[in-house]
Each structure stands twice: as structure tokens, then as C-alpha cells.
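Each remark here refers to the structure printed beneath this line.
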Amino acid sequence: MLAARTKGGIAMKKPLLQVEGLKKHFVSQKGFSKRSKQIVKAVDGISFDIQAGETFGLVGESGCGKSTTGRMIMQMLEATEGTVTFDGRRMDTVSGQELKKARKDFQMIFQDPYASLNPRMTVRDIIAEPLIVHRLEEGKGIDQRVYELLDTVGLPKKAAERYPHEFSGGQRQRIGIARALAVKPKLIIADEPVSALDVSIQSQVLNLLKDLQDEFDLTYLFIAHDLSVVDFISDRIAVMYLGNIVEIGERDDVIQNPQHPYTKALLSAVPVPDPRAKRERIVLEGDLPSPSNPPSGCPFHTRCPFAWDRCKNEVPKLQRGKESSQLASCHLLDG
Amino acid sequence: MSNPILSINQMYTSFHVDGETIPAVEGIDLSLYPGEIVGLVGESGSGKSVTSLSVMQLLEGTPGKVTGGDILFENQNLLEMTDREKRKLRGNDISMIFQEPMTSLNPVIKIGKQLVEAIREHQSISKRGAEKHAVYMLDQVGIPRAEEIMKEYPHQLSGGMRQRVMIAMAMSCDPKLLIADEPTTALDVTIQAQILDVMRNMRDEHHTAILFITHDLGVIAEMCDRVAVMYAGRIVEQGTVYEIFENPKHPYTKGLLGSIPKIGSRAERLDSIKGQVPTAEDRPKGCKFANRCPFVYKHCWEEEPPLFDGENRCWLHEQKGESL
């Protein structure tokens, strides 16, 4: 195990990735009139750090802004506000050329292994492309590195000559991982990397991601909706709801001792593969409010079983509870 | 015990594509009793959805066909029914809900009208009466402001709401059997929890039998009384939910259970099943799981194991089978 993953030492080190006050507000037109503009607050001011060597899980239901966050960190999407600092450098202000160079250090794995690989390129060309773009290998070196990468992700050498459609979902995800690894990145942003896969294949890929982390000192930002998967792979977890982080902390604290009512509800809703499991389900009323018209005060107050007047009027800040070490944004923690 | 409401006997379903016959389901036996929730679990390509479509007789117009066996609903063979009889049965006694409610609802017709049509198709009831019943059903599945929702179009509702409308529609004729094919897979967990509650209530109050098809073992553990595990077009193991989860016998069932991360377990690694589900054309000759099984031996490659004790297809359990 890496030194950086031991919990005591983490606080001393400078984080690999710092996200500060990140916002993404999409402006959309409602109807045909140009005047009726609508602002969708997909991500509404979130901050977190990721230490080198750790896996940071970002979890939430659809529409919570977790994928938008990932794309802003990748600089695939411009942030409305806030900063992204990678390895001490501001990524949101660097020039296009510099960004291209810097991208070598952070790579992405996508959810849909069918859509993220060019169907007209052989696996060799797919994996070789980043090597050529970043001038990491030349001539025979390229082939050698491609074979090496295929071996790393558990695919045979002969896979290089074939096209993506000849592979199953799990194998395609391995190809995507090999492509991401090609440039020896420090950080990998994985956006729902296993949610399109069958369970027996999902476990293979999750184990592979863990092995690769140990082998290549990788840092992961792991974005997913499945709490069991996030629990399995993460060192720390942030729970998002309606564009905000509502709870953030060490995995065991968040999972074993959740503080925010939303985290509690989410955990209680996860189906447990044990027919004798005792279920004390907190059933949430209603649906997720629209991010274009978010509730006043606490974003969760419309569905929260404990909400009172203050929740409607005042936005709660992330704070530490009396009996917990993680941060959660809930007025109940003031008590 | 009463008679089964549905009993599938040695059913075979195959697809004819480009002059070739591709077997999807090869000889499955499954029974459902009134008020029982039976889970059909398996990975993609295992044949679980083809099974449900075969029972609903919805393969017409596709290259698929039930080629053997029989499907008895209250002792009537569905395969020998005329289209008219089948039509009467579907929606009346047997209903189905699918994974994606958006594709099952007509996007240009208001929710209310769709519900009323479905109700009047199968019951002789006045329009006013059907409307009242539709509002009642929407209320039953936990839809707030049901009367307003009646006047809305499907796209105006969220995924969870649409799935509830589908359940309301499926339940509106008080069916004896509900086939639910991945009904909550496209939904968020908090919404899934709501929908599962609705389905459980339905069973408790109306004694509906539910065939619950899913790949999610957590949902199975939570919902089902009995479970059938499908692999490569066969049921490889079946038993009560406790037998399957606490004492799985087939190596595939064991592998599947080991593959799922269990929340709060702090596991460092997951057990996994090597390789992948073979396509219908590449299924091994003997046991279909032979190429992925950690316990495989010579016999497995040569001959396909029968269903021992009526509960599992694995040569490792042969002895027990003979002694009985």
C-alpha cells in the first residue's frame, strides 16, 4: 500500500487536485421567446481536494451534477465560476497548448464503452494515438508499448489488430483503460466506468482498477451513482445533491455513520443482497426538484423528513457534527 | 398448495436469422403460484427477457419463436390460443411492465386518455367510471395530484412517475400475473425504493403473482420469495430466496453473489467470474458454464448436466441427485 493512502500522512501533503467553488450554470431558452431565459444550476459551488494516490468517490443520483463536475475538471467544459488546480497549476486559465500538454497527466474513462472508442480504428491505433500525440514513443516502440498496455489490462496481443465492435462491453472498457494509461497519467477521472457492465464483468473491472492503482501510483476521481461500488473502491466519498456536496469525508465515516439526511436516505435505499437484512428504509417523498428552479435554503428541504422553517430560508454550510469527523451541510448538526 | 397460476414446461425459444437458428432459451421449467414473487436473475444474454416475451406471446413480428414446450396459464396453454383469446388475456389477467416507461407510453396522448383506453379495452365500464378508476389507480401507486397528472403528457413526468403510471396501467385491470422486466433498472435508488414498495403493496393487497426479471441481486433479495438463476438460456439453479443467497449450489450462482460489492464490507477485492457470457452461437457443448467455472472437470465438457433435484444443473451435485 502506498504511503499517501495511509490516513495519518495525508494532511501534510499538497493535494494533487484542488477544486474550489466550482460552478456550472447552463443558460437555456424556454419556449421560443428569447426573453424567457432559464438558468440551470447544474453544479452550484463545490470544493474538494484529492490527495495523490487516493480514490475519491463522487456519488449522487441522476442530475446531481457529478458528471458535469468531472467534465469541468477535465476542462472539457468551461466552469462558470471557480478554480481547478492540478499539481499546483491552475487548469482553468492555462492556454490551449499548455492544456494539451498538461492533459497527459489526467485522463478520463467513460461510461459507455461502445460510444467512447472510434469504431473505424483498430485497437492498436486507439491505444497508440495518445502515444503519438504526446510524442512518447516512436517506430517500433509504439507497438511494444501497445502490447505492454494490452497485457496490463488483461487483453491478448492479438486484440491489437481487431476493431472495437468485435469485443464485449467489459473488454471494450479494458481498451478504454489501456488508452487512458498509455500516457502514464497521475489522475484518472472515471465517469460511471462499470455501470454499463454485467455484475460478473463489473467485478473484474473494479479489481483491475484497484490493481492498476497499486501498480502505477494512480489517483482516481471515481464518479458513480451506485453506492456499493463507490463504497468498495473509494478512500474518501463526497455525496452530491442538486449541484451541491451535501456530505464529504472518509469512506467509513460516510458509509457507517452518515450525517446528512440525504446520505442516510440514499444508503437506506440501496438494495442489500441479503434476504434477511433488516431494512429501516427512509422513503423520500416526491422527485428531485429541477435544477433550473432549485429550492430556497437547503436544496434538500423539499424532500427531507426532518426539515423545519430554518431549512427553507437558510443555506446550511458544510460542518463537522459532534459525533462525526466528516463534513455535512445540515442545520441539524448545529444542535 | 394451490395450483400454479403460471407454469412453463420445457420451453424452447429460438431466433431465425439469415437462415440460421439461434437458440435463446433451451428448455426451462418454472412455476408461479398466486401471490408469489419469483425472481428471474441473470446477466445480459442469459435469456431472461426472451423468457418474459415468450410468456407474453410478444415475439410475433420478431424472428423469435417458441419452438417447444408449453406455457400454461391457469391450465390453459397460451401457445394454443387464438389471437383473440390472447388479447383478452393480456392486460386483463396478465400484465407487463418494461424497463423504459417512455417507450411503452404513447408520447402524444395524455396520461388520462391512455389509462382510460386500457381500462375500457378490458372492462365494460363507462368513460366516467374508467376515469374515476384511473385516478384511483394513480393514487394507489403514490402519484400526487393524480387528477392533474391525468391531463399531462408522458414527457412532462419524471422517469419514476412514468414508471408509476405504467404500474397503475398494468394494475388497473387487477391482473393475476404481472411480469416486470427490469422495472427499476433505469431509475435512481431512492425512486427504485418507492417503486418496489408500490409493487410489494400490490402483491399484498391483490394477491398478484409477480415474475420479477432483473440483473440486480440486491433487488431480488429484497423482493422475491423464490429465485431462478438463468445462464446461457437455461435455469441453472432455483430455490427459495434463502436457499439461493445463503446456500447457493451452482458455481455460477456462487460467482454472481461474490461479484457484487456489499456496502460497508470494507472488502479489498471482489470475487469474480473469469471470462464472459458466451453468445448463443458459442455456448460450450457440455455444461454451458464450463469455460468459466472454477470447478470444471472432464465430464463437464462432455455432457450437459440435467437439473438435479429440480434445483440445480451442476455435475458436482450428481451424487445427491442419484440418492434421491
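Each reported figure results from applying straightforward, stated rules to the coordinates on display, with no laboratory input. Note that the structure is a prediction, hence the values are computed from the model and not measured. Counting neighbours? That spans all protein chains shown, and the Cβs are built from the backbone with ideal geometry, glycine included.
What is segment B:241-291 by shape, rounded, prolate or oblate, if you read a ≥ b ≥ c off the alpha carbon gyration tensor as root eigenvalues and call it rounded for a/c under 1.5, prolate for a/b larger than b/c, and oblate otherwise?
Taking the square roots of the gyration eigenvalues as a ≥ b ≥ c, segment B:241-291 is oblate.
Just want the answer: with Cβ charges of +1 for Lys and Arg and -1 for Asp and Glu, which residue in B:108, B:9, B:263 is farthest toward the dipole's positive end in chain B?
B:108
What does the charge count around residue A:43 come to, taking other residues whose C-beta lies under 11 Å from its C-beta (Lys +1, Arg +1, Asp -1, Glu -1)?
+3
What is the distance, in nm, between label points placed 7 Å from the Cα along the Cα-to-Cβ direction at residue B:136 and at residue A:138?
About 8.2 nm, to one decimal.
Residue B:242 to residue A:309: FRET efficiency via 1/(1 + (r/R0)^6), r the Cβ-Cβ distance, R0 51 Å, to the nearest 0.05?
Working from the Cβ atoms, E equals 0.60.
Give me a single rounded figure for A:227-237: the average over its residues of other chain Cβ atoms within 10 Å of their Cβ. Walk me through the intermediate numbers first.
Values: counts 4, 8, 4, 2, 7, 10, 2, 0, 0, 0, 0.
The per-residue average across the peptide is 3.
Indicate the gyration tensor shape class of the protein assembly as shown (rounded, prolate or oblate), computed on the Cα atoms with a ≥ b ≥ c the square roots of the eigenvalues: a/c under 1.5 is rounded; otherwise a/b larger than b/c is prolate and the rest oblate.
In terms of gyration-tensor shape, oblate.
Among DSSP beta bridges whose residues both lie in chain A, state the antiparallel percentage, nearest 5.
Of all bridge pairs located within chain A, approximately 60 percent are antiparallel.
Could you check what % of the DSSP bridge pairs in segment B:147-250 are antiparallel, to the nearest 5? The partial results should precede the final answer.
On the way: 6 of 11 bridges.
Expressed as a percentage, antiparallel bridges in segment B:147-250 total about 55.
Among A:97, A:176, A:187, which residue has its Cα furthest toward the positive end of the charge dipole of chain A, with +1 on Lys/Arg Cβ and -1 on Asp/Glu Cβ?
Towards the positive end, the residue furthest out is A:97.
So, R0 is 22 Å and r is the distance between the beta-carbons of residue B:58 and residue B:110; what FRET efficiency does that work out to, to 0.05?
0.30
Mind checking A:276-289 for the average number of partner chain beta-carbons within 10 Å of each residue's beta-carbon?
Across the residues of A:276-289, the mean count of other-chain Cβ atoms within 10 Å is 4.
When the dipole is taken about the Cα centre of the protein assembly as shown, and only Lys, Arg (+1) and Asp, Glu (-1) are charged at their Cβ, what size is it in debye, to the nearest 20? Walk me through the numbers on the way to the answer.
Details: 81 positive and 88 negative charges, 415 e Å.
Here the protein assembly as shown has a charge dipole of around 2000 debye.
Looking at segment A:261-335, which GluC sites (Glu not before Pro) are in a loop (DSSP not H, G, I, E or B) and have at most 10 other Cβ atoms within 10 Å?
A:280, A:323
Filter the trypsin sites (Lys or Arg not before Pro) in segment B:135-218 to those in DSSP coil with at most 15 other Cβ atoms within 10 Å of their Cβ, and list the result. Intermediate values should be presented prior to the final figure.
Numbers: sites: B:145, B:151, B:162, B:164, B:176, B:200, B:203; in loops: B:145, B:151, B:176.
Passing sites in segment B:135-218 are B:145, B:151.
Using a 10 angstrom Cβ neighbour count of at most 16 plus a DSSP loop assignment to flag exposed chymotrypsin sites (Phe, Trp or Tyr not before Pro), which longest range of chain A is free of such sites? Please report the intermediate quantities before stating the final value.
Details: sites that count: A:32, A:114, A:306, A:308.
In short, A:115-305.
Out of A:107, A:290, A:19, whose Cα points farthest toward the positive end of the dipole of segment A:6-334 (charges: +1 Lys, Arg; -1 Asp, Glu; placed on Cβ)?
Going by the charge dipole, the pick is A:290.
Pull up the DSSP beta bridges for the protein assembly as shown and report the antiparallel fraction as a percent, rounded to 5.
Details: 57 of 94 bridges.
Taking every DSSP beta bridge within the protein assembly as shown, about 60 percent pair in antiparallel fashion.
So if R0 is 45 Å, what FRET efficiency would residue A:281 and residue B:279 give, r being the distance between their Cβ atoms, rounded to the nearest 0.05?
0.70
Given the C-alpha centroids of segment A:269-335 and segment B:88-163, what is the distance between them in whole angstrom?
Computed from Cα coordinates, the inter-centre distance equals 32 Å.
Based on DSSP loop calls and a cut-off of at most 13 other Cβ atoms within 10 Å, the longest stretch of chain B free of exposed GluC sites (Glu not before Pro) is what?
B:61-267
Under a point-charge model restricted to the Cβ atoms of Lys and Arg (+1) and Asp and Glu (-1), what is the dipole moment magnitude of segment B:55-207 relative to its Cα centre, in debye to the nearest 20? Mind dumping the intermediate values first?
Details: 19 positive and 22 negative charges, 102 e Å.
Dipole magnitude for segment B:55-207 comes out near 500 debye.
At 15 angstrom or more along the helix axis (alpha-carbon based) and mean Kyte-Doolittle of 0.5 or higher, what helices does chain A contain? Whole DSSP H runs only.
A:123-133
Determine the dipole magnitude for segment A:6-334: charges of +1 sit on the beta-carbon of Lys and Arg, -1 on that of Asp and Glu, nothing else is charged, the reference point is the Cα centre, and the result goes in debye to the nearest 20.
820 debye
Would you please classify the overall shape of segment A:6-334 from the alpha carbon gyration tensor, given that a ≥ b ≥ c denote the square roots of the eigenvalues, rounded means a/c under 1.5, and beyond that prolate means a/b larger than b/c while oblate covers the rest?
Details: a/c = 1.78, a/b = 1.55, b/c = 1.15.
Prolate is the answer for segment A:6-334, as a/c is 1.5 or above and a/b outweighs b/c.
Enumerate by residue number the trypsin sites (Lys or Arg not before Pro) in segment A:29-103 meeting two conditions: DSSP loop (anything except H, G, I, E, B), and at most 16 other Cβ atoms within 10 Å of the site's Cβ.
Within segment A:29-103, the qualifying trypsin sites (Lys or Arg not before Pro) (loop, at most 16 other Cβ atoms within 10 Å) are A:30, A:34, A:35.
Would you give the gap between the C-alpha center of segment A:71-109 and the C-alpha center of segment B:175-206, rounded to a whole Å?
Here the two parts' Cα centres lie 43 Å apart.
Which pairs, out of B:65/B:288; A:278/B:48; A:13/A:186; A:41/A:66; A:140/A:184, put more than 24 Å between their alpha-carbon atoms?
A:278/B:48
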